[in-house]
Amino acid sequence: MTAGPLRRATLTADLRALGLRPGSTVLVHCALSRVGRVAGGPATLLAALRDVLGGAGTVVVPAQTAGNSTTSRAFRAATAGSGPAGVAAAEAAIVPFDPERSPAEGMGVFAEHVRRQPGACRSHHPQTSFAALGPDAARLTAVHDLDCHLGERSPLGALHAADAVVLLLGVDWSVCTAFHLAEYRLRRPPVDRAYRCYVRDAAGRRVRHDFQALDLHDTDFPLIGRALTEAGAVRRGPVGGADCRLTDLRVAVDFARGWMDEHRR
């Protein structure tokens, strides 16, 4: 017998059982397809989250955009073997970042749904923006410096200060953006590298930005997540059909910093 679609009440109960609490600020990474067939799609999941969080809670999602950058993995993969003329043509075709209109790329349908909600706020970094919905949304997304993708002067720094939690819905630790904040706090942080991206300014002009920022890495995130789980800092359970994890962002970042200081070379 085929199970029916997942309803709001079921998702709400699952999120509560996982340990999500009223009034929390929660950074959500989500693969909705792994949650299962949800009646109403991402709108139902968002409603379930808000049922649990109540009016004082805030939902935050990554709203990253790699398509406006010539230094992103996506651009480099798309132009591999193209030659100088092909690369130049691809760069000329880049659509500049607009925080009001640019869709989140590769972040999943739930993140894009949150970004498009009335009242949602989005940080203005052209590569690693975040979107938020709730009473703290404007404050959490207000600061996001160009040379600080995922550090202290980004929404991750604000989330750390706000004692947020991280919710992984059907995704693994490889996408746990919060771990990147730890890289800025290492005894020996990663070296800087060059970045280039395009944005649309207030006058509608296409503007190029070249800047230096940390060369961030995520290849060891699954190992960090496993160690964090073994340390007893992760609550794990099902939400719909997805294996999900919930952890305190401060605990995760502090743990990741210690792990990286010990294991990275």
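Only Lys, Arg, Asp and Glu carry charge here, each on its Cβ (+1 for the first two, -1 for the last two); on that basis segment 8-263 has a dipole of about 520 debye about its Cα centre.
Phi angles of segment 81-89 translate, via the Karplus equation with coefficients 6.51, -1.76, 1.60 and θ = phi - 60°, into HN-Hα couplings of x, 7, x, x, 5, x, 5, 4, 5 Hz per residue; Gly and Pro are given as x. Along the Cα-to-Cβ line of His124, 7 Å from the Cα, sits a label point; which residues in segment 167-210 have backbone N less than 13 Å from it? Zone members listed by number: 199-204.
For Phe97, the residues 5 or more places off, or on other chains, whose built amide H falls under 5 Å of its own are Tyr198, Val199, Arg200. Across segment 19-132, the volume of the C-alpha convex hull divided among the residues equals 120 Å³ per residue. Mean separation of Cα pairs under 8 Å and 6 or more residues apart, divided by the residue count, gives segment 8-263 a relative contact order of 23 percent.
Rounding to the nearest 10 and keeping the result within 0 to 90°, find how far the Cα-based axis of helix 8-18 lies from the longest principal axis of the chain. Roughly 90 degrees between the two axes. Computed from phi, the 3J(HN,Hα) profile of segment 256-265 under the Karplus parametrisation 6.51, -1.76, 1.60 (θ = phi - 60°) reads 4, 4, x, 5, 5, 4, 7, 9, 7, 10 Hz, with x in place of Gly and Pro. For the pair Arg16 and Val143 in one chain, pulling the backbone fully straight at 0.36 nm per residue adds 42.6 nm over the alpha carbon distance.
Applying both filters, DSSP loop and at most 12 other Cβ atoms within 10 Å, to the trypsin sites (Lys or Arg not before Pro) of segment 160-227 gives Arg187, Arg205. The angle between the Cα long axis of helix 42-53 and the longest principal axis of the Cα atoms of the chain comes to about 60 degrees, rounded to the nearest 10. Calculated [222 nm] ellipticity per residue, helices only, for the chain: -10000 deg cm²/dmol; basis is -39500 (n - 2.57) per DSSP H run with n ≥ 4, divided by all residues, nearest 500. A simple rule links phi to the HN-Hα coupling: the Karplus curve 6.51 cos²θ - 1.76 cosθ + 1.60 with θ = phi - 60°, which for segment 122-135 gives 9, 6, 9, 6, x, 10, 10, 6, 10, 10, 9, 9, x, x Hz, with x for Gly and Pro. The DSSP beta bridges internal to segment 8-263 are antiparallel in roughly 75% of cases.
Of the GluC sites (Glu not before Pro) in segment 82-124, the ones in a loop by DSSP (not H, G, I, E or B) with at most 14 other beta carbons within 10 Å are Glu100.
A short reminder: the numbers here are calculations on the coordinates, not readings from a lab. Quick caveat, the model's predicted, so the values are computed rather than measured. Quick reminder, even Gly has a Cβ in these numbers, built from the backbone with ideal geometry, and neighbours come from all protein chains shown.
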